[in-house]
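For reference, the structure is listed below as structure tokens.
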Amino acid sequence: MKRESDRKFQEEMVKEVKKNEKSIEEFVRSEDENKVVKTITIDYDSIEHNPMGGVMVDGYVNGDKELSFGVIISNNYVGDKREYNISGGISSKLDDFMTGDTN
């Protein structure tokens, strides 16, 4: 029984990430001041529940797993309307890549 509920919970987290793919991409692109990001890959195998609430997921850009990012998708309710917030961070290599800093 526990495995079935774990599987369903994982499926729900995957749905949350898929619903928010565009927002995740917007988050990553907001850091890309030189417009060097061509592709964004979300690593669905990395999805985990955040103990503080929400869903954590990792990804990378331009097919290079060293150019990585991680985000948390959290839910807020405004009245009876559900809203999603995306927060996270990017690796130092991705930051250097997007800012053109090669030092």
Check the stretch 60-75 and report whether any residue there is basic (Lys, Arg) and more than 30 Å from Asp101 (Cβ to Cβ). no
Checked the stretch 72-91 for anything closer than 15 Å to Asp32 by Cβ and either in contact with a Gly (Cβ under 7 Å, 6 or more places away or on another chain) or of a type outside the set (Val, Ile, Thr) (or both); matches are Gly88, Gly89, Ser91
Considering every residue within the stretch 72-87, establish whether at least one is part of a helix (DSSP H, G or I) and not small (Gly, Ala, Ser). no
Which residue is surrounded by the most Cβ atoms within 10 Å (Cβ to Cβ), if the candidates are limited to the stretch 28-80 and must be among the β-branched types (Val, Ile, Thr) and within 11 Å of Leu94 (Cα to Cα)? Val61
Residue set Glu25, Glu16, Glu11, Glu4; condition assigned to a helix (DSSP H, G or I), surrounded by 14 or more Cβ atoms within 10 Å (Cβ to Cβ) and free of Cβ contacts under 8 Å to residues at least 24 places away in the same chain; output residue Glu25
Among the residues of the stretch 49-69, write down those that are closer than 20 Å to Phe9 by Cβ and either of a type in the set (Gly, Ala, Ser) or assigned to a strand (DSSP E or B) (or both). His49, Gly53, Gly54, Val55, Met56, Val57, Asp58
Contact list please: Cβ distance under 6 Å, first residue in the stretch 65-79 and more than 13 Å from Met52 (Cα to Cα), second residue among the basic types (Lys, Arg), pairs at least six apart or on different chains. Glu66/Lys93; Leu67/Lys93
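Each reported figure results from applying straightforward, stated rules to the coordinates on display, with no laboratory input. Note that this is a predicted model, so its numbers are computed, not measured. No Cβ is skipped: glycine too gets one built from the backbone with ideal geometry, and neighbour counts run over all protein chains shown.
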